[in-house]
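Here's the structure we're looking at; comments come further down.
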Amino acid sequence: MMRTASTSSSTTNSSSCSKRHSASMHLRITLLFLVVAIMATLTSSSPSLATSSRASSIRSAKGHRPRVSAQRCHGDEKTCSPTLAAQEVAAQAAAAAAAALLPRPISFFLGRRGGGGKNASLTGIIMSTLGSFLKRVVSTLLLPLAPSPPPSFTTTFEREYGPHHPPFLESTSLLHALASARASCRLLIVYLPSSSPRDDKRHKAFCRTLTDPDLIRFLLPAFVLWSPPPSSTAHKLAMKELSVRRLPYLGVVHGGREAGRKVSVKSLHHFKPPPSPEQAVVWLNRTLEIHGHVLEEDKKDRAFVLSEKKLQIEQKQEYSKALLADREREATEKAKAAAAAAAAAAAETKKQEDETRRARKKLALGNEPKEWKAEDDEICCKIAARMPQRGGGKEGGKKVQRTFRATDVLEKVFDWLDVEGLEELRGAKVVLAGGRGRGVRMAYVYPEDKHKTLGEAGIEGQVSLLVESGGGGAK
């Protein structure tokens, strides 16, 4: 009794749904004829629209496929909607066919037809734009009436048998499925179902086999399954690639390694009857024993590819490091060169300043006195000095001597030493090794003692001086 009630209720629901669908269809067809009538009136002032519509109908009649909008499909199978694309193609084809049937009466209310170019009248442009808009309206009305593509095998399987099944590939072609299986180092199980109702029992039996937990655990490491819908283009192309003569088809294939072969069939199942879970395990295990070496080769190829990629990454990293090191070295060398150039320029400037200063001091020193005692009884003294070694050497430098008057100040002696090549005048020190106070070493520093006269400093007669440069030269 309950079954009868449920059956009657489902029948009532289905009849009501069919009535609503029929009413929607009648409404859409009525709107379509209304738009066609409006377009028939407007095409009299827009020959370009009728011409384009008739050209579209001619292309459709010759077998040309209408262009699919690029906004709905971007070339990527992950983002492209097959349903929307197929529906749009059908809607555009129907719109082109409807436009081909439009009459083209002679305009009696417009004296000038709208054409292209700069001489087009405003009325013609408006009518052409309105005609294009109405054509889009027709395409939109026909879009829900276009047939939708069949659902995928995964969708139908999970709807009837649940989500527990082996891994299924959602690929658009056999070659794409083979590439995906080979990338994961697995063999591809191809199942091509039949659309004939007499094969439904075998199809359902095989689908129940795929839900077995032991079979699923066995398939996971080495197999992946691909099954296109029976009425799809991928199904027809797969039949052609595999040279299938009878359906259903169940086989294990692999991307062919032989020259000129894209697909290599490794094993076929007669499918009379479909294999049980135990039979499927035995069959696939035997296939794996015979052809398992191709998976080992795929693993080696994949390992080689991964190692090559890793090597390329490492080489790029090493190249980047070497390039960075070269740039740092170049920057360091440039900095050193700039510092050396600056030091050389500073040394050259100092050298010129020293030469100018020493020339001025040499001119200021004047002539050296000839005798120890002049006619006016002026006392003179003769000084012998040992210059410090250049560069801070331990041994003494050259020996120089000159006669000074007792009334000359020590600044004149330091100027004489500067003219003779003293490296650093400021902080220079002279040590008296003779003269007044024998055995006592007396030192004088520039510029603290530069205003003392030689007599005040106790320098008279013949004396020897040890000179120390202000830069810390040899004593």
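When the range 228-241 is filtered for residues that are under 37 Å from the mean Cα position of the chain (by Cα) and closer than 10 Å to residue 172 by Cα, the ones remaining, listed by number, are 228, 233, 234. Within the range 317-330, no residue that is among the polar types (S, T, N, Q) sits with its Cβ atom under 9 Å from a residue that is outside any helix (DSSP H, G or I) at 6+ positions apart or across chains. When every residue of the range 336-349 is checked against the conditions, none turns out to be within 19 Å of residue 424 (Cα to Cα), open to solvent by less than 70 Å² (accessible area, probe 1.4 Å) and acidic (Asp, Glu).
For the range 219-238, a residue qualifies if it is within 25 Å of residue 285 (Cα to Cα) and open to solvent by less than 50 Å² (accessible area, probe 1.4 Å), and the qualifying residues are 219, 222, 223, 224, 225, 226, 227, 228, 238.
Identify, please: which residue in the range 281-304 is in contact (Cβ under 8 Å) with a residue 24 or more places away in the chain and touching a strand residue (DSSP E or B) at 6+ places or on another chain (Cβ under 8 Å) and is, among those, most open to solvent (accessible area, probe 1.4 Å)? Working first, answer last.
Step one: filter the range 281-304 for residues in contact (Cβ under 8 Å) with a residue 24 or more places away in the chain, giving 281, 284-285, 287-288, 290-292, 294-295, 297-299, 302.
With the extra rule that they be touching a strand residue (DSSP E or B) at 6+ places or on another chain (Cβ under 8 Å), the set shrinks to 284, 287-288, 290-291, 294-295.
Working: 284: 5, 287: 5, 288: 49, 290: 81, 291: 39, 294: 7, 295: 11 Å².
Ranking the qualifying residues of the range 281-304, first place goes to 290.
Return the pair list, or none, for Cβ contacts closer than 8 Å from residues in the range 165-179 that are over 16 Å from residue 249 (Cβ atoms) and modelled with pLDDT under 90 to residues that are among the acidic types (Asp, Glu) and outside any helix (DSSP H, G or I), at least 6 apart or on different chains. Within 8 Å, the pairs are 172/77.
With the requirement that a residue be surrounded by 16 or more Cβ atoms within 10 Å (Cβ to Cβ) and either in contact with a Ser or Thr (Cβ under 6 Å, 6 or more places away or on another chain) or not in a loop (DSSP other than H, G, I, E, B) (or both), what does the range 181-198 give you? Those that are surrounded by 16 or more Cβ atoms within 10 Å (Cβ to Cβ) and either in contact with a Ser or Thr (Cβ under 6 Å, 6 or more places away or on another chain) or not in a loop (DSSP other than H, G, I, E, B) (or both): 181, 182, 187, 188, 189, 190, 191, 192.
The values are calculated or read from the model by the stated rules, or taken from the named source; none is laboratory data. Quantities reported herein were computed from a predicted structural model and do not represent experimental measurements. No Cβ is skipped: glycine too gets one built from the backbone with ideal geometry, and neighbour counts run over all protein chains shown. Side chains are part of the model used for accessible areas, which takes the heavy atoms of the whole protein and leaves out ligands, DNA and RNA. Shrake-Rupley method; radii C 1.70, N 1.55, O 1.52, S 1.80 Å.
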